[in-house]
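A.B. asks: Encoded as structure tokens, here's the structure I'll be asking about.
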Amino acid sequence: MQTDTHDVVIVGLGPAAYSAALYSARFMLKTLVVGENMGGQLAEAGEVDDYPGLIGVQAQQMIEAFNEHVKKYSVPIVLDRVESIKKEDGEFLLNTQGGSEFRARAVILAVGVERRRLNVPGELEFLGKGVSYCSVCDAPLFKGKRVVVIGGGDSALEGAEILSRYASKVYLVHRRNEFRAQPIYVESVKKKTNVEFVLNSVVKKIEGEKTVNGVVVEERERNAQRKLEVQGVFIEIGFEPPKEFAKKVGVETDPNGYIKVDEWMRTSVKGVFAAGDCTSVWLGFRQVVTAAAQGAVAAHSAFKYVIENKKSLSA
Ligand code: NAP
Ligand code: NAP
């Protein structure tokens, strides 16, 4: 399907993309959003209580509000995956998995990140049969059961907190003795009587028959192994950047594979901007509010780029 040229096409559908869409529309740019999964990581979140002004809002409600807000400015949203972006006659040509083609004067990449795998035996074999990457989504399925959460960041601690409300027992396995999670989450989990911390330990394998029945953990200093009898395994060990996508699009990445941007969210390719978790900045502190901030800045930069380019074409 061939369409008119948009001023800006935003790739992604998480908080960074919604924010970029809102600002881009308010800058009166002809804007289109092409994204796969409405809300991005927020679609897997529970309560959000760290976005100023929204006290204890449910993530789903927040996604609805994001949608309403861009709808107010008549920004179209296409639910599809962008497969390639090429420069052609001074414009960008975007092709999607669904077979659509879009043209843009500027592009904002807000494609987020992918979940990191543990890479242990049993992980893929028992995926959906006890193994999950989303505590918030699947916690209610483990009512009265024994589970393990792996990781030491905000996701793992938030996951342990939610799971402690459903499961009879929660083991929190972390490879170090210290947590990278915000203290507020650590303190909250420490108060739970059904959560046991298994620190300085790594998971060696996930065992089961038709479904999970346990994990083998090893205490790192003593090399001592033991089996935790659990029916659920929640892997919350962070995310990987969209390396392959960045390579295909041709934007430079940092040594970890995150899309390199400057303080104005400009990538190495003129006219291509990036925002949110896929970028190289503020690594280690990823929040809805930081993704939204980057989306707003990227839209502002795209606005300046589009206006300057239009001026130079008409001169
Ligand atoms: P993260 O902050 O990268 O933490 C990942 C955790 O998993 C770390 O504790 C890490 O251990 C551990 N880990 C990594 N690879 C491992 C492996 N192969 N085996 C065992 N353990 C491994 O990831 P996250 O917790 O998913 O959070 C991602 C971002 O989202 C963060 O910026 C976070 O602040 C944000 N977030 C925010 C909220 C919120 O504010 N409510 C909620 C969720 C996420 P080490 O500590 O030893 O490296
Ligand atoms: P994101 O939520 O990961 O969103 C990225 C979006 O882009 C997803 O909808 C993804 O779909 C889509 N996408 C990926 N590749 C695509 C492609 N090639 N074409 C079209 N769409 C594509 O990322 P974000 O907007 O940068 O950031 C979200 C922020 O929320 C993060 O900072 C995170 O840490 C934070 N967070 C906070 C909490 C909390 O409780 N406070 C909870 C969760 C997250 P797929 O999912 O299908 O790939």
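Any read-out appearing in this document is the output of simple, stated calculations on the displayed coordinates, not a laboratory observation. Being a predicted model, the structure only gives us computed values, none of them experimental. Methodologically, a virtual Cβ is constructed for each residue, glycine included, from the backbone with ideal geometry; neighbour enumeration extends over all protein chains shown.
A.B. asks: Quick one: compute the contact order of the stretch 131-235, relative version, from alpha carbon pairs under 8 angstrom and 6+ residues apart, as a percent.
C.D. replies: Relative contact order of the stretch 131-235: 31 percent.
A.B. asks: I've got another one for you. In angstroms, what radius of gyration and Dmax does the stretch 42-170 have, counting Cα atoms only?
C.D. replies: 19.5, 61
A.B. asks: Using only DSSP helix segments of four residues or longer, with each worth -39500 (n - 2.57), what per-residue ellipticity at 222 nm results for the chain after dividing by its residue count and rounding to 500?
C.D. replies: Taken over the chain, the calculation gives -8000 deg cm²/dmol.
A.B. asks: May I have the extent of the alpha carbons of the stretch 252-315 along their three principal axes, as whole Å values ordered from largest to smallest?
C.D. replies: 44, 25, 13
A.B. asks: What three numbers, in Å, describe the spread of the alpha carbons of the stretch 85-140 along their principal axes, ordered from the longest?
C.D. replies: 50, 24, 20
A.B. asks: Another question, then. Starting from the amide H of Ser201, placed 1.01 Å from N in the peptide plane, find each other amide H under 5 Å away whose residue is 5 or more places distant or on another chain.
C.D. replies: Correct list: His174, Arg175, Arg176, Arg220.
A.B. asks: Another one. What residues qualify as long-range amide H neighbours of Val149, i.e. H under 5 Å apart, gap of 5 or more or another chain, H built at 1.01 Å from N?
C.D. replies: Tyr171, Leu172, Val173, Phe234
A.B. asks: May I pose another question? Applying the Karplus parametrisation 6.51 cos²θ - 1.76 cosθ + 1.60 with θ = phi - 60° to the phi angles of the stretch 250-261, what ³J(HN,Hα) value in whole Hz is obtained for each residue in order, glycine and proline being reported as x?
C.D. replies: Result, ordered by residue: x, 8, 5, 10, 7, x, 8, x, 7, 5, 5, 9 Hz.
A.B. asks: I'd like the Karplus ³J(HN,Hα) series for the stretch 184-194: coefficients 6.51, -1.76, 1.60, θ = phi - 60°, whole numbers in Hz, and an x wherever there's a Gly or Pro.
C.D. replies: Working through the residues one at a time gives 4, 6, 4, 4, 5, 6, 4, 7, 7, 6, 9 Hz.
A.B. asks: Ok, one more. Skipping prolines and chain starts, which residues have an amide H placed within reach, meaning under 5 Å, of the one on Glu83, given they are 5 or more residues away or on another chain?
C.D. replies: HN-HN under 5 Å from Glu83: Asn95, Thr96, Gln97.
A.B. asks: Let me ask something else. What number, in percent, do you get for the relative contact order of the chain if the mean sequence gap of Cα pairs under 8 Å and at least 6 apart is divided by its residue count?
C.D. replies: Value for the chain: 21 percent.
A.B. asks: Can you work out the base-10 log of I(q)/I(0) for the chain at q = 0.11, 0.14, 0.16 1/Å, using the Debye formula on its C-alpha atoms alone?
C.D. replies: -0.73, -1.03, -1.22
A.B. asks: Across 5 Å bins from the origin, how do the percents of Cα pairs in the stretch 201-290 run, short distances first?
C.D. replies: 3, 12, 17, 13, 9, 8, 11, 12, 9, 5, 1
A.B. asks: Continuing with the same structure: Return a whole-number percent for the relative contact order of the stretch 171-288, with Cα pairs under 8 Å and 6 or more residues apart as the contact set.
C.D. replies: Rounded, it is 14 percent for the stretch 171-288.
A.B. asks: Please rank Asp154, Asp277, fewest neighbouring Cβ atoms within 10 Å first, as an exposure proxy.
C.D. replies: Numbers: Asp154 21, Asp277 27.
Ranked by crowding around the Cβ, least crowded first: Asp154, Asp277.
A.B. asks: Taking the Cβ of each residue in Thr193, Thr5 as the centre, tally the other Cβ atoms inside 10 Å and list the residues starting with the fewest.
C.D. replies: Taking fewest neighbouring Cβ atoms as first place, the list is Thr193, Thr5.
A.B. asks: Looking only at Cβ-Cβ distances, which cysteines of the chain have no other cysteine closer than 4.7 Å?
C.D. replies: Cys278
A.B. asks: Charges on Cβ only, +1 for Lys and Arg, -1 for Asp and Glu, centred on the Cα centroid of the chain; of Phe102, Val217, Ala160, which one is farthest towards the dipole's positive end?
C.D. replies: Highest projection toward the positive end goes to Val217.
A.B. asks: Hey, what do the phi angles of the stretch 149-156 turn into as Karplus ³J(HN,Hα) couplings, whole Hz, using 6.51/-1.76/1.60 and θ = phi - 60°, x for Gly and Pro?
C.D. replies: 10, 10, x, x, x, 4, 4, 5
A.B. asks: Moving to a separate point now. For the pairs Lys205/Lys260; Lys30/Lys311; Lys143/Lys210; Lys71/Lys260; Lys71/Lys311; Lys248/Lys270, flag any whose C-alpha to C-alpha distance is greater than 26 Å. Write out the running numbers ahead of the final one.
C.D. replies: Values: Lys205/Lys260 36 Å; Lys30/Lys311 16 Å; Lys143/Lys210 19 Å; Lys71/Lys260 30 Å; Lys71/Lys311 29 Å; Lys248/Lys270 16 Å.
Beyond 26 Å: Lys205/Lys260; Lys71/Lys260; Lys71/Lys311.
A.B. asks: Another question, then. As a footprinting exposure proxy, order Arg266, Arg165 by other Cβ within 10 Å, with the fewest listed first.
C.D. replies: Sorted ascending by nearby Cβ count, the order is Arg165, Arg266.
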